[in-house]
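The values are calculated or read from the model by the stated rules, or taken from the named source; none is laboratory data. All figures in this text were calculated on a predicted structure; none of them were measured in a lab. Note that each Cβ is placed from the backbone with ideal geometry, even for glycine, and that neighbours are counted across all protein chains shown.
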Amino acid sequence: EIAEESGMRILGPNCLGIFSGRDGAFSTFSSSIEMGRPREGNVGIASQSGAFGAHIFSLARERGVGFSYWATTGNECDVAFADCVRFMAEDDGTDVILGYMEGCRDVDRLYDAFEFAHAQKKPIVMMKVGNSDIGAHAAASHTCTGRAPRANWSISATPVPSASIRRATGWASSRFPAAPGC
């Protein structure tokens, strides 16, 4: 109530926070930052899972990828994954958005964010998990999104052209561009 009345936004709970490679603001308690701070760059990461977001950050950092923003949303009592995608799509310093999502409570809001990113010519590389029964159960216990209505939407069902959203099936085989050309 206090946040709503004041206009303050809340990230989380159950997340690892945010950081900005450009601004040098590190509002996170992820230990992945201790292994090396991010270099400034044009890649944004939005993840419902803090652990997976930190893992992707670490993999990309090791490959020399620079970051604009990194945000983990956790249980999403206010700020949702879709809000982070929209924010990164609005940012002139973000050219590509990497996303990890377990489920979605507001598919229309998500589609709006995807459509906006497409209009801004910002591709999204997306991993959507929790599609099987056991995966949905795991997502429900992790970020409380897997059992929400319409949570198990398909990336291929979005109204956005497929060229704008690429489905990642695994990060270990993903190819991040080497620095400095990313």
Restricting the search to the range 15-37, which residues are more than 21 Å from Gly74 (Cβ to Cβ) and in a helix (DSSP H, G or I)? Met35
Quick one: how many residues across the range 61-116 are assigned to a helix (DSSP H, G or I), under 15 Å from Ile45 (Cβ atoms) and among the basic types (Lys, Arg)? 2
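The rows are residues; the columns are (1) under 23 Å from Gly12 (Cβ atoms); (2) out of contact with any Ser or Thr (no Cβ under 9 Å at 6 or more places or on another chain).
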residue	(1), (2)
Gly50	yes, no
His55	yes, no
Ala71	yes, no
Cys77	yes, yes
Ala80	yes, no
Met101	yes, no
Asp112	yes, yes
Lys122	no, no
Met127	yes, no
Counting only residues that are surrounded by fewer than 14 Cβ atoms within 10 Å (Cβ to Cβ) and of a type in the set (Phe, Trp, Tyr), how many does the range 1-50 have? 1
Test Phe67 against the stated conditions and say whether it is at pLDDT 90 or above, touching a Pro at 6+ places or on another chain (Cβ under 6 Å) and on the phi < 0 side of the Ramachandran plot. yes
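Looking only at the range 1-10, decide whether some residue is among the acidic types (Asp, Glu), under 19 Å from Asp95 (Cα atoms), without any contact (Cβ under 8 Å) to a residue 24 or more places away in the chain and part of a loop (DSSP other than H, G, I, E, B). I'd like the intermediate steps shown before the answer.
Going through the range 1-10, the residues among the acidic types (Asp, Glu) turn out to be 1, 4-5.
Pick out the ones that are also under 19 Å from Asp95 (Cα atoms) and you get none.
No - not one qualifying residue is present in the range 1-10.
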Could you please tell me which pairs satisfy a Cβ distance under 8 Å, a separation of 6+ or placement on different chains, a first residue in the range 38-57 that is in a loop (DSSP other than H, G, I, E, B), and a second residue that is surrounded by fewer than 22 Cβ atoms within 10 Å (Cβ to Cβ) and aliphatic (A, V, I, L, M)? Arg39/Ala179
For Thr158, which of the numbered conditions (1) buried (at least 18 other Cβ atoms within 10 Å of the Cβ); (2) modelled with pLDDT of 75 or more; (3) over 17 Å from Ser47 (Cβ atoms) fails to hold? (2)
Looking at Met8, Met35 in this structure, which one is at pLDDT 90 or above, more than 12 Å from the chain's Cα centre (by Cα) and aliphatic (A, V, I, L, M)? Met8
Among the residues of the range 51-78, which ones are crowded, with 24+ Cβ neighbours inside 10 Å and of a type in the set (Phe, Trp, Tyr)? Phe57, Phe67, Trp70
